Amino acid sequence: MPLPGRQLPVLPPGLPNDGVQSLASRNLIRQVNFGIPSGQAIARRIGVPVLTPAQLNMLKPFDMEKSTPLWFYILKEAEVMENGLRLGPVGGRIVGEVFIGLLKADQTSYLAVQPNWTPVLPSATPGEFHMTDLLTFAGVVPPL
């Protein structure tokens, strides 16, 4: 049985019919074609811990343990730093910034319509509001 993502079952519309059906190969092609920085470069740029070449040792035969394609780096970072349960700092930052960018671009979002809005939910620290306060209010995490 082939591994998921190893071979795309049907080429999505817009992809060239060049015979490349591996999702990993497509990601590597995009990395090069669009000049996407390595995972290490992004980690250094945003000031978070960088995975070591030893943590990426499986890439040594491909000479990518010191300059890892971003998509693979994000997956490995989640495995190494978060036991595969959630994104690590680089992946989490990228996802978070995409959501914030979408909210800023949406003229109907609270950021555009009510720029001075602040939460009125109970907070662990009076006068401040953190994501953990929202998650506590939603019952997802126990109170501190």
Those aspartates and glutamates that a straight Cα-Cα span of less than 14 Å connects to residue 66, excepting residues fewer than 8 apart in one chain: 77
Proxy reagent accessibility, fewest Cβ within 10 Å first, across 133, 63: 63, 133
Whole-angstrom gap from region 31-88 to region 94-109, using each part's C-alpha centre: 25 Å
Efficiency of FRET between residue 134 and residue 106 - r from beta-carbon atoms, R0 22 angstrom, step 0.05: 0.65
Footprinting exposure proxy for 36, 46 (fewest neighbouring C-beta atoms within 10 Å first): 46, 36
Candidate aspartates and glutamates - alpha carbon under 13 Å from residue 76, same-chain residues fewer than 8 apart omitted: 65
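Just so you know, all these numbers are worked out from the coordinates, no wet-lab data involved. Here the structure is a predicted model, which is why all the values come from computation and not from measurement. So basically every Cβ, Gly included, is an ideal-geometry build from the backbone, and we count neighbours across all protein chains shown.
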